Every structure is written in structure tokens, then in C-alpha cells.
2 protein chains.
Amino acid sequence: MTKATGIASRLSKAGYRLTPQRIMILDAIEGASGHISAEEIYQKIKALYPGLNISTVYRTMELLKETGMVTETDMGDGRVRFHSVGHEHHHHLVCSRCGAVIDLDEAVLAPLTTLLTEKFGFSADLKHLAIFGHCKDCDR
Amino acid sequence: MTKATGIASRLSKAGYRLTPQRIMILDAIEGASGHISAEEIYQKIKALYPGLNISTVYRTMELLKETGMVTETDMGDGRVRFHSVGHEHHHHLVCSRCGAVIDLDEAVLAPLTTLLTEKFGFSADLKHLAIFGHCKDCDR
DNA sequence: GGGCTTATTGCAACTCGTCGCAATTACAAA
DNA sequence: TTTGTAATTGCGACGAGTTGCAATAAGCCC
């Protein structure tokens, strides 16, 4: 109930109820460094509050995504990861052969999003993108 | 055994066995116009050959992806779609609010892939990408 | 054609994520 | 503080996709 107070109040101001489950989930996300999976959030909380259900975690993440407080990234390992928004956005180059991950600054994709807006009136949601391919070492 | 002969021989030349299941799956993909899901492939074939197992379809698609004969696209509807390579690649702008899909020419992403190669030595595999966001009508 | 080797298949069990529904509960209003 | 009600939760069942393992069979060699 400490660190997540800011996000929590934003949630309640947006018209959503502040349940203990949500508060604990928010805490878990804020407390986590970097990316965290739904299962990890679930396990963290279950230690203190065994009543929590995994589907509540998924539904809360859905909510946080919609309200833009969290982003979702599929790093290709069969497990989606979440990341609280607030710091600069960044992207990932994921090598599908060796699994290496290269971090990519948001600026690299800026020209693309601009182009999509101008040409198609489409505002791309590229807060946290994973691009698959082959890294230098694995390239044929 | 008719249309897919070309792809089939490519498969066998690559050192993979040509099983009846694989031939039927290749036929189904070639026969399909545009995108097709694993379930659709499965149902198509099961009518003629009930012995087929769905996991064989998935494993074959994995194989075809690796050998670059097929691309995979997640259109955000909870069902991945496949598409045989050979025609020009294209991409999709998917509106996460109304579900509209705008087709995008490959050329639009060419500058990005070039940049990634030059700057990071990373060859991005952007044969069939779905970019999520909001379309003109759904934009806030 | 017949045998041998190893890739491939079918099966069953599993994981991640979603959904419908009934029970609970946050929060606004009295 | 009590009540009313719609949002939220837990639960169980489901759907998509993956995996380990034993049985099968494609394709090579003779």
C-alpha cells in the first residue's frame, strides 16, 4: 500500500474500484525491476494472500493496459511480460536463433510512427515492441 | 499432391521427410486464399483423413516457418494465422478498438530494417508484421 | 524388394490465457 | 451507519498451443 499509491489513485479517479487485490498487484508491479510475468505477480502475492486467483491478475493487467499504466511485451518465450509505464519507452530486437535481446531506443521507431499517422491517420501504439530476426552472430 | 509439389520438393531437398500429412498440410495452405489458422488447416484435412492430429499441424507450421516457406501473423484475435511466402510481403495496421485492418506495403518498413542492419547488425524478420494502435475513426 | 535407422506421428497431459456465472464487496447515496 | 447496486472476484471449464514418449514409417543402403 505504499509505493503504488500514485497509480492506485489514478485508477480510482478513472472510475475503477480499489480492491485489495488490485492494490497488491500494483505493489508487485512497482516493486518489480523491469519486466514481470503474470505468473510471477501471482506467486509474489499468493505468499501473503493465498486467496488471490490468477484470473484476477490477468484481468487487472488488461485493465492497466487499457488505462495506459502498463505495457505488455511478448519476448517470444511463451510468456507475456508486463512493465510499468513512466520511464522512457524502449523496444527489443530478439534473435530467434540464440535468444539474445538488444535494447532499442524509442527514437528509432519515431519516423515510422510519424509516417503512419500522416499517411493513414493511424496512431500506432508502439510503446514496447519486440522485433524478431537474427543477430550479427547468428546471421547466415 | 498437385499444387504444393514445388514447396514439397523444396522441403525434401532441405532434408526433411515427405510424409502424407505434410503434403496434405502444404496443399491446404497453398489452396487457401490468404491467411489460414492451424485449426482451419486441421479441419480441412480431417474431412479426408481423420487420422491427422492437430499437433502435427502445429509442428509442420513450425518447420515451414523455420525454412521460410510460411509466415506467421498475430492479428490480435487470439488465433495465429499463416500465409505462404512467395508473393510480396505485406503488413497490417490493426485497430485495437474497432478491429479494422489496414494493409501496408512492405516498402514502408524498408527504412527501418536498413537502419537496424546498419546500426546493430541485426537482420529483422519483418515479413508479416501486425502493428497495433488506433485508426482514424477510433482515435481519441 | 527387405531391412535398418532415425525422423515423424499420435496421444495424452500440460501451460498460458480467457470466459461465463454466481457470490462477494467497494463505494455512493440515504 | 445502513442499504442498494453494479463492479469485481473466485471458480471451473474452456481454447490455443506445446511437449515427452512410445509406436510408426520415410527413405537410405544392400
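Things worth noting here:
- Where labels lie 7 Å past Cα in the beta-carbon direction, separation of A:ARG59 and B:LEU115 in nm: 4.1
- Across the identical copies, how the A:GLY68 labels are spaced - nm, sorted shortest first, 7 Å along Cα→Cβ: 4.1
- Label point of B:ARG79 (7 Å along Cα→beta-carbon): distances to the other copies' equivalent points are 2.9 nm, sorted ascending.
- One residue of chain B places its C-beta nearer than any other to the axis carrying B onto A; that residue and its whole-Å distance are B:LEU112, 3.
- A Förster radius of 22 Å combined with the Cβ-Cβ distance from B:ASP74 to B:GLU106 puts the calculated FRET efficiency at roughly 0.75.
- With neighbour counts taken as other beta-carbon atoms within 10 Å, the residues B:ILE25, A:ILE29 rank, fewest first, as A:ILE29, B:ILE25.
- Shown for A:TYR58, B:TYR49: other C-beta atoms within 10 Å of each C-beta, ranked fewest to most, produce the order B:TYR49, A:TYR58.
- Over the range B:33-84, the reciprocal of the mean inverse Cα-Cα separation, the Kirkwood hydrodynamic radius, stands at 11.4 Å.
- Note on the range A:90-138: Kirkwood hydrodynamic radius from all Cα pairs is 11.8 Å, rounded to one decimal.
- Prolate is the label for the protein assembly as shown, because a/c, from the alpha-carbon gyration tensor with a ≥ b ≥ c as root eigenvalues, is 1.5 or above and a/b exceeds b/c.
- Summary for A:ARG10: label point 7 Å along Cα→Cβ; distances to the equivalent points in the other copies, ascending, 4.7 nm.
- Legend: translational diffusion of chain B by Stokes-Einstein, Rh = Kirkwood radius over C-alpha pairs, 37 °C, 0.692 mPa s; D = 197 µm²/s.
- The charge dipole of the range A:20-61, taken about the Cα centre with unit charges on the Cβ atoms of Lys, Arg (+1) and Asp, Glu (-1), comes to about 140 debye, rounded to the nearest 20.
None of the figures in this text is laboratory data; all of them are computed from the coordinates on show. What you see is a predicted model; the values in this text were computed from it and never measured. No Cβ is skipped: glycine too gets one built from the backbone with ideal geometry, and neighbour counts run over all protein chains shown.
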